[in-house]
Every structure is written in structure tokens, then in C-alpha cells.
Amino acid sequence: MSKSEYKGRLSAASDKSKLFNQKWRIGLVTLAIGGITLLGGCDDTTQPEGEEPDTEEVVATEIEDVEEEETTLEAVDEEEEIEEDSEEEIEEAVEEEELEVEEEAEEVVDEPEEEVEDTVETISREHSNALSQAEQYLNYTAFSKEGLYDQLIFEGYPEDSALYAVETVEADWHDQALSQAEQYLDYTAFSKQGLYEQLIFEGYKEDQAQYAIDTIVADWNEQALQKALDYQDYSPMSDSGLFDQLVFEGFSTEQAQYAIDNLD
């Protein structure tokens, strides 16, 4: 017999017992009424004037007490039934919640395996070659992420292979921007602003270019002087014309004047 069936039979037996006790009490009250009535009929004693027999009031009160007890018992039975139903609902809800948690845990465990399998399947020969090519380029010179992608496309790799390479290759693009800036200054003179713009042109992001010019070790006055000498070697210019050209190149007025003052 299950727990719920046992509770049901126990509750039914309790209800029958309560009903029997109620009927028994009502029967006693009825007998009491009959006995009192008979005694009243046989008694010749006259009630004093102004007084009414209180037998009916006593009986009515007893009946009301019985009815109130019946109502109370019914309310208790209803509460017990509600509590039993609530317990069953709570147990069912807990079981459903535990089942859902177990299913979700199984899904989480299965997902990484599926992702690994998909990743292994998508690494084609073309993807692998593009990644190797990207690593060789970065070992040779500095590239921005965008510049490296464009170079791989120029080499004939499909777009998806080039994208896979730049997304997978291990590179710090801020350090790449700094290396690129140092290579530029080893080759020719730049103003700070001109170097920033050149890095943006090469495909570096603004924060990467800013990191490079803030970190690089450079004397911008000497860079202005070197640029002025380069212009003088290419084509003679007046001091005012050279000054204006240096400012146009992004040098500050102080840096441009330093260059003019130190040409001789």
C-alpha cells in the first residue's frame, strides 16, 4: 500500500468516526428533550408567574454547540486535505526541478565536446597554411591585424582562411604598433602627429597607435631637424617656407623653429 493510499484510508476512517460521534451526541440531546418534556407533563407544580421554562433554551444551546463542533471538524478536515495536497504538489515540484537541473547539467557537459569536434573538423589545410604564413610575417616585420589580413588576401588565401589566421595567431597588436613606429623612425623622420596618422593608415586601431607614440622613445625636436635636412637635400627652401612645411607635417611651432635654428 502506498503512502498516499494509507493516508486516504486513515482520513476516511477518521471521518466515519467523527460522524458517528456527532450522530450519537444528537441522539442523546433528542432523548434528553423527550425526557424533559415527559417530566414537564407529569409535574403538577405550577411555575411562578413571570418565569418561563428554560428547557428549550438549554436544548437549543446544546444543539448549537453540536453544530459548531461539526463545523469545526469539517474545517479541520478541509485543512488536512489542503495540507496533504500542498505536500504532494511541493514534492512533485521538487522532483521536476531536480530533473530539469540534471538535464541542463548533461547538456553543459556535452556542449564542450561538440565544440571541440567542430573546431577540429573546420581546420582545413588552407587555414593551417594561412596561419603559418601569418606567423612568418610577424617574425619578419610588424603588422597590424588589418594589414596582416590584407597581406594574406594578397597572397591568394581565401577570406575565411585569412580571417582564421589573424584571429588565431598569437600577437599583441599594441606591441606590433610600437615595433612598426620604431621601424618608421629608423627609416625616416616623423612628427608625433605624422607617425600617429601613418599607423592609422597601416590599419592599427586608435588606441594601438596612441600607445605606440606614447611609449616610443623619440626626440621630436631632433625629428624636426632631420626632416628639415631631408627637405634641404631634396630641394632648397627658404626658412619661412621650410618652417611652414614642418608645421604642415605635424611638428609644433617650437619644434619647427628648433629645426630652422639648427640647420647650420
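Structure notes:
- Scaled against the 2.2 N^0.38 Å expected of a compact globular protein of N residues, the Cα radius of gyration of the stretch 162-264 reads 1.25.
- Fully extending the segment from residue 252 to residue 234 would add 4.3 nm, taking 0.36 nm per residue of separation and subtracting the current Cα-Cα distance.
- Label positions at residue 135 and residue 167, each projected 7 Å from the Cα along the C-beta direction, are separated by 1.9 nm.
- Pairs of Cα atoms in the stretch 124-171 fall into 10 Å distance bins, from 0 up to the last occupied one, in shares of 33, 62, 6 percent.
Read-outs: derived from the displayed coordinates by stated rules, not from any lab. Bear in mind the structure is a predicted one, so any value in this text is a computation, not a measurement. With ideal geometry, Cβ positions are generated from the backbone for all residues, glycine too; neighbour counts draw on all protein chains shown.
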